[in-house]
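In what follows, a structure is listed as structure tokens, so that the remarks can point back to it.
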Amino acid sequence: MRSQWQALVELRAGHLIAHTGLRGISADDARQFRTYPAPTISALLRYGFIREVDGAYDITDHGLRALEVLPRR
């Protein structure tokens, strides 16, 4: 399972994340997303590290600050 930390790193790099098994996006759009299981997305939302943007998720300022202080994994 991919970690919450890894999701935040990918978001900081400019990628959007989405739930595993996201439906309704074209193959071209799918290349823009990194997929994570629902528990990872839910935890990041609960702590305010990400926000929903048009069916996908992006990092918040709080998430960026968390990356600065969390130990590297």
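Among the numbered criteria (1) under 10 Å from the mean Cα position of the chain (by Cα); (2) of a type outside the set (S, T, N, Q); (3) at pLDDT 90 or above, which one does R34 miss?
All conditions pass for R34, except number (3).
Of the residues G48, G21, G63, only one is in a loop (DSSP other than H, G, I, E, B), open to solvent by less than 60 Å² (accessible area, probe 1.4 Å) and modelled with pLDDT of 95 or more; which?
On the way: G21 fails: modelled with pLDDT of 95 or more; G63 fails: in a loop (DSSP other than H, G, I, E, B).
Unique residue meeting the criteria: G48.
The values are calculated or read from the model by the stated rules, or taken from the named source; none is laboratory data. The model shown is predicted, which means the values in this text are computed figures rather than measured ones. What goes into the accessible areas is simple: the full protein's heavy atoms, side chains included, and nothing from ligands, DNA or RNA. Shrake-Rupley method; radii C 1.70, N 1.55, O 1.52, S 1.80 Å.
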